[in-house]
Amino acid sequence: MIVELRGRPVVAGKARGVALVSKRPLSFLGGVDPESGVITERGHDVEGRSLRGVVFCFPHGHGSTVGSYVLYSLAKRGLGPRAIVNVEADPVVVVGAVIAGIPMVDQIDINLIKDGALVEVDGSEGTVKIIMEKQG
């Protein structure tokens, strides 16, 4: 059964991938290794996990505007997320997603998305479809 969540379209585009779900905000500047795409923020609930090719679901971003460039740089080097899903879009993350062409949706209850689920994001329509829950 496919579950469709409706939110607000932020950055147009479609992407499908495995969800990386975090319960905590993240700063792309200082919280992510720009050389590997791995989350390095100490004590973060997804510390040590990679953003490469995932649909990154997290409450919102925070921190310096340089974080927009970090997100752009990650995407251009193939180390960034395929899509971003937020509870509340932060301007720093939005700018990064826009310049990198990463589909983005906000106003989504990320608690309904399980880490490891296969999801499809439509940034034009503002939808997130949960295609398949992670087994086990």
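Just so it is clear, none of the values below were taken in a lab; they were calculated from the coordinates. For clarity, every value in this text was computed on a predicted model and none was experimentally measured. Cβ coordinates were reconstructed from backbone atoms using ideal geometry, including for glycine residues, and neighbour counts include every protein chain displayed.
Please state which one of GLU88, GLU4 is among the acidic types (Asp, Glu), under 20 Å from GLU125 (Cα atoms) and in contact (Cβ under 8 Å) with a residue 60 or more places away in the chain. Explain how you work it out, then say what you get.
On the way: GLU88 fails: in contact (Cβ under 8 Å) with a residue 60 or more places away in the chain.
Only one candidate passes the filter, namely GLU4.
Identify all residues within the range 24-62 that are closer than 20 Å to VAL10 by Cα, crowded, with 18+ Cβ neighbours inside 10 Å and in contact with a Gly (Cβ under 8 Å, 6 or more places away or on another chain); write none if there are none.
Result: PRO25, LEU26, SER27, PHE28, LEU51, VAL54, VAL55, GLY61.
Residues VAL38, VAL10, VAL66: which one is in contact (Cβ under 8 Å) with a residue 40 or more places away in the chain and not aromatic (Phe, Trp, Tyr)?
Numbers: VAL38 fails: in contact (Cβ under 8 Å) with a residue 40 or more places away in the chain; VAL66 fails: in contact (Cβ under 8 Å) with a residue 40 or more places away in the chain.
So the residue among VAL38, VAL10, VAL66 that is in contact (Cβ under 8 Å) with a residue 40 or more places away in the chain and not aromatic (Phe, Trp, Tyr) is VAL10.
Where residues in the range 77-136 are of a type in the set (D, E, K, R) and under 16 Å from LYS23 (Cα atoms), which of them is surrounded by the most Cβ atoms within 10 Å (Cβ to Cβ)?
The first filter runs over the range 77-136 and keeps only residues of a type in the set (D, E, K, R), leaving 77, 82, 88, 90, 106, 109, 114-115, 120, 122, 125, 129, 133-134.
Restricting the remaining residues to those that are under 16 Å from LYS23 (Cα atoms) gives 88, 90, 106, 109, 114-115.
On the way: GLU88: 13, ASP90: 21, ASP106: 23, ASP109: 10, LYS114: 13, ASP115: 16.
By that ranking, first place goes to ASP106.
When you check GLY96 against the structure, is it in contact with a strand residue (DSSP E or B) (Cβ under 9 Å, 6 or more places away or on another chain) and small (Gly, Ala, Ser), yes or no?
Working: in contact with a strand residue (DSSP E or B) (Cβ under 9 Å, 6 or more places away or on another chain): yes; small (Gly, Ala, Ser): yes.
Yes; evaluated as a whole, the condition is true for this residue.
Scanning the range 76-98 for residues that are assigned to a helix (DSSP H, G or I) and touching a Gly at 6+ places or on another chain (Cβ under 7 Å), which turns out nearest to GLU35 (Cα to Cα)?
Step one: list which residues in the range 76-98 are assigned to a helix (DSSP H, G or I), which gives 76, 91-98.
Subsequent filtering for residues that are touching a Gly at 6+ places or on another chain (Cβ under 7 Å) retains 92-93, 96.
Working: VAL92: 20, VAL93: 18, GLY96: 17 Å.
Out of the qualifying residues, it is GLY96.
From ILE108, ILE102, which residue is closer than 17 Å to GLY7 by Cα, touching a Cys at 6+ places or on another chain (Cβ under 8 Å) and part of a loop (DSSP other than H, G, I, E, B)?
Numbers: ILE102 fails: touching a Cys at 6+ places or on another chain (Cβ under 8 Å).
Exactly one residue qualifies, and that residue is ILE108.
Considering the range 22-42 alone, what residues qualify as being over 19 Å from ASN111 (Cβ atoms) and either charged (D, E, K, R) or part of a loop (DSSP other than H, G, I, E, B) (or both)? Let's see the steps before the verdict.
Initially, the range 22-42 is screened for residues over 19 Å from ASN111 (Cβ atoms), giving 27-42.
Across the range 22-42, the qualifying residues are SER27, ASP33, PRO34, GLU35, SER36, GLY37, THR40, GLU41, ARG42.
With respect to VAL46, is the statement that it is part of a strand (DSSP E or B) and either β-branched (Val, Ile, Thr) or free of Cβ contacts under 8 Å to residues at least 24 places away in the same chain (or both) true? Reasoning before the result, please.
Details: part of a strand (DSSP E or B): no; either β-branched (Val, Ile, Thr) or free of Cβ contacts under 8 Å to residues at least 24 places away in the same chain (or both): yes.
Here the answer is no, as VAL46 does not meet what is asked.
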